[in-house]
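*Asks:* If you scroll down you'll find the structure; I have some questions about it.
The values are calculated or read from the model by the stated rules, or taken from the named source; none is laboratory data. Since the structure is predicted, the reported quantities are computational estimates derived from the model, not experimental observations. FYI the Cβ positions are ideal-geometry reconstructions off the backbone, even for glycines, and counts take in every protein chain you see.
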Amino acid sequence: MITWALDHRKSTVGLSVVALVGSFLLFPFIGGAFMPESDESQYIVSFETPEGSSLQYTRQKAEQLANAIGAMSEVEYTYTTIGAGQTGTVTAGQVFVSLVPRDDRSRSQSEMMLATRDLVTPVYGVTTAVLPAGGFGGAQAPIQVQLRGPDAAELQRLSVEIAAMMNGIPGVVDVQTSLGELRPEYRIDVNRDVANEVGLDIGQIAGTIRPYLAGETATRWEDPTGEERDVVVQVSREQRVSAADLASLPLATSRRSENGSAVTVLLGDVAEIQPGAAPAQIDRQDVQRVASVSATTLPDLSISEASSLIRESLTNIPLPPGYSVQLGGETEQLEETVGYVVEAILLAVILIFLILASQFESFTQPFAIMTSLPLSLVGVLLALLLTNDTLNMMSMIGVIMLMGLVTKNAILLVDNANERRRAGTERFAALVEAGEVRLRPIMMTTLAMIFGMLPIALALGEGGGFRAPMARAVIGGLITSTMLTLVVVPVVYTYFDDMGDWVTRRVFRRG
């Protein structure tokens, strides 16, 4: 094989370039994601009921969802929470779903998530999203579109428009906004002049209204069982039904009557009460108001593909001055990771070149050896395509591992050829003999690495799919780099050797 390659140097180089360029054309078919897909035998169904729903209504919907999910034979148990977390409310909750072991069910976790989504979407009066339970940061939607701007009402309008746009993209599902539905409220506009005349200020009015609506803990009481309970003072539900009830709330002023008691006025006499609506939640980031539109994707659409479609669609949505939009979530993490990986690969290539240049005492031979680095990408991309994997964090770690593994084969080949040439063997014969002698150790070390990575590549056991892309990338890269190294490296070696001789002749001729 080496003999044929050396006799047809241009054809060998041309075929290797075609293979390398063709492999890069596979990127659109592979897709990208920050975290690899893994069967953890668990996932989460988050749900929200309409604003203003009571705890009893949310509990009924939670039980309805949990019963429907638990009826599937692959589900081992479910665990439901309502209002958990620092910003949790009685209108939001989660159903944690634990599946039976993977060997005991016929459907994978991704298939179960699809079936669950089809099962819970028709449930009336609740909005649901099916999310993976693992990964960094807990159960979060992988796609996050962050909208920044000063006005909450404009953020609400833009987030609804962006959510409608994302719902129109095939493969993008479970679209939700952090602002949610508008929450009904009463807005109390205090007439400050009238309030000052009767001896009231904003603090006094707010201090009176707060226990009227939300209640206020007055003391604690120990029940007969020994458990302490809060004693909350609050106006009865019958007296806080309408705006008229709120307007009739008496406010104690600083003035005193003839008998020394505080003079009271009605809230409606010093303030105007109007119904309105406001976002249920307002987040801030970097001192700016932020609204997030989150979504998940179906298995046939990768995160990178969905992000590209969303970016393209966002260009059709005009943003007012002072408003900006960017993609966060796994899209942002993937872009940061790719940047760090490119920096690590460039640093590795530079260090490898410096070490090889010092060892071989040549600036041309390291280039011949390092041609095996891009050739390994052919196998990496083919392996990811055949196994239906994405270019994610673990597969990129596998690419970094390949940087040291694939150069080893070329070093063995070139070093043996140099020894033979120093012994007086002609270059062509030295390369052929080096290939014959080094073939066995190269194949033995490569096969040892491949079989060592094989259990990881097969994704055996719970959560094995998390590390599988790394092993698959390494195996694919080793196979192609080993095959191409034995053919391409000797040819490139001759080209750089001829180049070195030409430079040497030119230098000595000028001297």
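*Asks:* Step by step: first the residues of region 324-341, then only those that are surrounded by 18 or more Cβ atoms within 10 Å (Cβ to Cβ) and in contact with a strand residue (DSSP E or B) (Cβ under 9 Å, 6 or more places away or on another chain), then the one that is farthest from M403 (Cα to Cα). Which residue is that?
*Replies:* The selected residue is V325.
*Asks:* Let me ask another. Give the residue that is surrounded by the most Cβ atoms within 10 Å (Cβ to Cβ), with candidates limited to residues of region 344-361 that are of a type in the set (A, V, I, L, M) and touching a residue at least 40 places away in the same chain (Cβ under 8 Å).
*Replies:* L356
*Asks:* Would region 384-398 turn up any residue that is closer than 30 Å to Y495 by Cα and either assigned to a helix (DSSP H, G or I) or of a type in the set (A, V, I, L, M) (or both)? Spell out how you get there, then give the answer.
*Replies:* Residues of region 384-398 that are closer than 30 Å to Y495 by Cα, as a first pass: none.
So far as region 384-398 goes, no, none of its residues is closer than 30 Å to Y495 by Cα and either assigned to a helix (DSSP H, G or I) or of a type in the set (A, V, I, L, M) (or both).
*Asks:* In region 287-300, how many residues are farther than 16 Å from M166 by Cα and under 21 Å from the mean Cα position of the chain (by Cα)?
*Replies:* Residues in region 287-300 being farther than 16 Å from M166 by Cα and under 21 Å from the mean Cα position of the chain (by Cα): 3 in total.
*Asks:* On to the next question. Kindly establish whether T264 is farther than 19 Å from N191 by Cα and not charged (D, E, K, R).
*Replies:* Details: farther than 19 Å from N191 by Cα: no; not charged (D, E, K, R): yes.
Here the answer is no, as T264 does not meet what is asked.
*Asks:* Sticking with this one: Just need a number here: residues in region 416-436 that are touching a residue at least 12 places away in the same chain (Cβ under 8 Å) and either surrounded by 16 or more Cβ atoms within 10 Å (Cβ to Cβ) or closer than 18 Å to Y495 by Cα (or both).
*Replies:* Count: 11.
*Asks:* What pairs can you find where one residue is in region 40-69 and within 29 Å of R105 (Cα to Cα), the other is surrounded by fewer than 21 Cβ atoms within 10 Å (Cβ to Cβ) and among the acidic types (D, E), and their Cβ atoms are less than 7 Å apart, with a gap of 6+ or different chains?
*Replies:* Pairs found: E40/E462; S41/E462.
*Asks:* Select from region 139-177 the residues that are over 17 Å from the mean Cα position of the chain (by Cα) and small (G, A, S) and write down the one among them that is surrounded by the most Cβ atoms within 10 Å (Cβ to Cβ).
*Replies:* My answer is S159.
*Asks:* Further, regarding this structure: With the condition kept exactly as written, say whether any residue in region 186-197 is surrounded by 11 or more Cβ atoms within 10 Å (Cβ to Cβ), touching a residue at least 24 places away in the same chain (Cβ under 8 Å) and part of a helix (DSSP H, G or I).
*Replies:* yes
*Asks:* A follow-up question, please. Of the conditions (1) assigned to a helix (DSSP H, G or I); (2) surrounded by 20 or more Cβ atoms within 10 Å (Cβ to Cβ), N67 clears all except one; give me its number.
*Replies:* Among (1) assigned to a helix (DSSP H, G or I); (2) surrounded by 20 or more Cβ atoms within 10 Å (Cβ to Cβ), N67 violates only (2).
*Asks:* Of everything in region 304-330, what is in a helix (DSSP H, G or I) and either free of Cβ contacts under 8 Å to residues at least 60 places away in the same chain or out of contact with any Pro (no Cβ under 6 Å at 6 or more places or on another chain) (or both)? Give them in sequence order.
*Replies:* Across region 304-330, the qualifying residues are S304, E305, A306, S307, S308, L309, I310, R311, E312, S313, L314.
*Asks:* Could you tell me which of the residues S110, S98, S106 is surrounded by fewer than 18 Cβ atoms within 10 Å (Cβ to Cβ), polar (S, T, N, Q), assigned to a loop (DSSP other than H, G, I, E, B) and not assigned by TED's automatic domain parsing to the domain that holds L460? Walk me through it before giving the result.
*Replies:* Details: S110 fails: assigned to a loop (DSSP other than H, G, I, E, B); S98 fails: assigned to a loop (DSSP other than H, G, I, E, B).
So the residue among S110, S98, S106 that is surrounded by fewer than 18 Cβ atoms within 10 Å (Cβ to Cβ), polar (S, T, N, Q), assigned to a loop (DSSP other than H, G, I, E, B) and not assigned by TED's automatic domain parsing to the domain that holds L460 is S106.
*Asks:* Checking S362 against (1) touching a Pro at 6+ places or on another chain (Cβ under 8 Å); (2) over 30 Å from S304 (Cβ atoms); (3) outside any helix (DSSP H, G or I), which test does it fail?
*Replies:* Just one mismatch for S362, condition (1).
*Asks:* Out of the residues in region 23-53 that are under 16 Å from the mean Cα position of the chain (by Cα) and part of a loop (DSSP other than H, G, I, E, B), which is farthest from V126 (Cα to Cα)?
*Replies:* G31
*Asks:* Can you confirm whether region 214-233 contains a residue that is at pLDDT 80 or above, among the polar types (S, T, N, Q) and within 48 Å of the chain's Cα centre (by Cα)?
*Replies:* yes
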